[in-house]
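**Student:** Take a look at the following structure, please.
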There are 2 protein chains.
Amino acid sequence: MNRIKILSPATVANLACGFDVIGLALDIPVDEILLYKSNSPGIRINRIDGTTLPKDQKKNVAFVSLQALLKKYQQRFYKEKKIGFEIELIKNIHPGSGIGSSAASAAGVVYGANILLGNPFNRMQLIRFAMEGERIASGSAHADNVAPAIMGGVTLVRSYQPLDITKLHSPNELWVSIIHPQIEIKTSDAREILKQKILMTDAIRQWGNIGALVAGLYQENYELISRSLEDFIVEPIRAMLIPAFYELKIRCKEIGALGGGISGSGPSVFMLSKGNDIAKKVTEVMNLVYSPLKVDYKTYTSPINQKGVKFSEIL
Amino acid sequence: MNRIKILSPATVANLACGFDVIGLALDIPVDEILLYKSNSPGIRINRIDGTTLPKDQKKNVAFVSLQALLKKYQQRFYKEKKIGFEIELIKNIHPGSGIGSSAASAAGVVYGANILLGNPFNRMQLIRFAMEGERIASGSAHADNVAPAIMGGVTLVRSYQPLDITKLHSPNELWVSIIHPQIEIKTSDAREILKQKILMTDAIRQWGNIGALVAGLYQENYELISRSLEDFIVEPIRAMLIPAFYELKIRCKEIGALGGGISGSGPSVFMLSKGNDIAKKVTEVMNLVYSPLKVDYKTYTSPINQKGVKFSEIL
């Protein structure tokens, strides 16, 4: 087996109160990645569809993630240097959308390469390689998108030193509506406007909500999930970057959304709902709020993707 | 039914990373409370064994909690003013121990009075009355001891405005070791030394740990529970108030404790273990660490009390 096609999903990081620690994987949108193992050393990105990514391959997230994997592979398992990969990326997840575009590239290539090499690495190791890609993309080797992309479902990053990630239970009926306003917010800018110190009282409210959100997922208690989707720390600062953010939130909740917030560092906004029917209505409301604005946008309605990145075919 | 005997349990608040939001109930120690309903209006505390509590009854936590209940009862259900209670408190939980002495008094009287009145109030209402007692005892109407005392098990206070408390799943094999060094730390003092602002990076670590602790309880994953029992915010400040705190913690973990920390605002220290056997060994180690010190102390080994406050007999 030398050629493989991978489907790598979009992801929502932060989940309101879960800033920097909770993330979930979506069924759509999804990147397609074609990966070929060759005897010609090195990593080459032969095609990128759907967007323009850095021409310098060494700054491309897929390149850097796969390089990290290949380096470890050659150190540990294989003295032979005659191994290389060719990559084709069909990007359906827009870079800068806030739904894990770089994570999808990173997760996809390391997941695919691992299969082509005979599965030498476990999922936690793959997450580490993909985090190296995230370091290039956003300046920090964060895991809150690559973890759900690789593990599927809803994930929690307990700690980075040491890396400790757990997959949470999530109810089957939990659906996600996404609106991606096509404006540019750089992750690094969105991070810079945050405060370095926060009030203890706000922090306590935030960790009360996180505990309750996790409990709500395990209890399949949609009302508790709904009440927990609050963020008093990051959202009040970042909301100003997103047109009509509060109107979106209010109107989506009026129609039945459990709650939501900014996806990752934005500009996408996510809303959770119980069931496909309500989620579709919520997405319609997102369209209604944005259609009068002079901002291009895309919307998606998706269940939680329990499997995460997967291969669609062996070529 | 006019006379009742109540057993009201000790509780551990905070649970390391769960500062101000998580608490659990113990089987021992337990306060005994005798409660009599009479036709003579007013609340009278006729006897307090085991400690000296404020002579001014209006500053007694049992008095204040029961008064809050009685006021609401007379407003809502009963115009007749000829109703009163006599209380006898046998305090086995020392005031100022950090294992919920005031909460046990508060929870016990409101739970007992509710039975004697024919159960007009639900558990959440009882928690509100007991919180009024906590306001007198510690200056803030906190719920992280009265909630587990009344609901049993491990509880999480998501929010105070509105009051939102959920009972978490907890594995049967989770046991608690407690050491109560008999030194005085006032809750108000322990609170004053805390910082009003904390680093965002520390807060994120704390809520990663809280999320993982809740997930660990539901997964019955003792290793995850163990890794989550970290507190970078409150423990480093309060630990200095407790003799040999870090030695206790290190030696208890060496013998097999999952982890632990300061119970409430101290001075008691708690450790969680998987199973009674390890918990007993952990309690022995606590004794070994403290026996050379010139500090009186008591130790307890207890499972988690799933039921909380209960009545032992109708007199």
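**Student:** For B:Lys186, indicate whether it is surrounded by fewer than 21 Cβ atoms within 10 Å (Cβ to Cβ), farther than 16 Å from A:Val234 by Cα and more than 19 Å from the chain's Cα centre (by Cα).
**Tutor:** Answer is no for this residue.
**Student:** Could you tell me how many of the residues in the stretch B:224-237 are touching a Leu at 6+ places or on another chain (Cβ under 8 Å), assigned to a helix (DSSP H, G or I) and more than 9 Å from chain A (Cβ to nearest Cβ)?
**Tutor:** Looking only at that region, the number is 3.
**Student:** Continuing with the same structure: Of all residues in the stretch A:82-113 being more than 15 Å from A:Ser138 (Cα to Cα), surrounded by fewer than 24 Cβ atoms within 10 Å (Cβ to Cβ) and of a type outside the set (S, T, N, Q), which is modelled with the lowest pLDDT?
**Tutor:** Only one residue fits best here, namely A:Lys82.
**Student:** Let me ask you something else. At pLDDT 95 or above, basic (Lys, Arg), surrounded by fewer than 24 Cβ atoms within 10 Å (Cβ to Cβ) and assigned by TED's automatic domain parsing to the domain that holds A:Leu34: does that describe A:Arg76?
**Tutor:** No; evaluated as a whole, the condition is false for this residue.
**Student:** Further question on the same structure: Among (1) modelled with pLDDT under 90; (2) aliphatic (A, V, I, L, M); (3) under 20 Å from the mean Cα position of the chain (by Cα), there is one condition A:Met1 misses while meeting the rest; what is its number?
**Tutor:** Here A:Met1 clears every test but (3).
**Student:** Right, another one. Just to be sure I understand, how many residues within the stretch B:276-300 are under 23 Å from B:Asn14 (Cβ atoms) and outside any helix (DSSP H, G or I)?
**Tutor:** Summing the residues that are under 23 Å from B:Asn14 (Cβ atoms) and outside any helix (DSSP H, G or I) in the stretch B:276-300 gives 5.
**Student:** Next up: Which of the residues that make up the stretch A:74-105 are part of a strand (DSSP E or B) and within 21 Å of the chain's Cα centre (by Cα)?
**Tutor:** Hits for the stretch A:74-105 are A:Ile87, A:Glu88, A:Leu89, A:Ile90.
**Student:** Which condition number in (1) among the acidic types (Asp, Glu); (2) surrounded by 15 or more Cβ atoms within 10 Å (Cβ to Cβ); (3) away from every other protein chain (no Cβ under 12 Å) is the one that B:Asp202 fails?
**Tutor:** Condition (3) is where B:Asp202 drops out.
**Student:** Among the strands (runs of 3 or more DSSP E) contained in the stretch A:1-73, which hold 1 or more residues that are within 14 Å of another protein chain (Cβ to nearest Cβ) and either among the hydroxyl-bearing types (Ser, Thr, Tyr) or touching a Pro at 6+ places or on another chain (Cβ under 9 Å) (or both)?
**Tutor:** The qualifying strands (runs of 3 or more DSSP E) are A:3-13, A:22-38.
**Student:** Cβ-Cβ below 6 Å, separation at least six or inter-chain, first residue in the stretch A:119-133 and surrounded by fewer than 18 Cβ atoms within 10 Å (Cβ to Cβ), second at pLDDT below 95 and not in a helix (DSSP H, G or I): which pairs?
**Tutor:** Partner pairs satisfying both residue conditions: A:Pro120/A:Phe77.
**Student:** Can you say whether B:Ile242 is without any contact (Cβ under 8 Å) to a residue 60 or more places away in the chain and among the β-branched types (Val, Ile, Thr), as far as the supplied structure shows?
**Tutor:** The answer is no for B:Ile242.
**Student:** Here's another thing I want to ask about it. Just to be sure I understand, how many residues within the stretch A:210-223 are farther than 18 Å from B:Gly216 by Cβ and either at the interface with chain B (Cβ under 8 Å from one of its Cβ atoms) or polar (S, T, N, Q) (or both)?
**Tutor:** Residues meeting the conditions: 1.
**Student:** Let me ask something else. Checking B:Gln74 against (1) free of Cβ contacts under 8 Å to residues at least 60 places away in the same chain; (2) in contact with a Lys or Arg (Cβ under 8 Å, 6 or more places away or on another chain); (3) within 16 Å of B:Ala103 (Cα to Cα), which single condition isn't satisfied?
**Tutor:** So the condition that B:Gln74 fails would be (3).
**Student:** I need the full set of residues from the stretch A:137-176 which are more than 12 Å from chain B (Cβ to nearest Cβ) and surrounded by fewer than 19 Cβ atoms within 10 Å (Cβ to Cβ), in order please.
**Tutor:** A:Gly139, A:Ala141, A:Pro171, A:Asn172, A:Glu173
**Student:** Test A:Ile198 against the stated conditions and say whether it is under 21 Å from the mean Cα position of the chain (by Cα) and part of a strand (DSSP E or B).
**Tutor:** no
The values are calculated or read from the model by the stated rules, or taken from the named source; none is laboratory data. All values reported here derive from a predicted model rather than from experimental measurement. Positions of Cβ are backbone-derived with ideal geometry, glycine not excepted, and every protein chain shown enters the neighbour counts.
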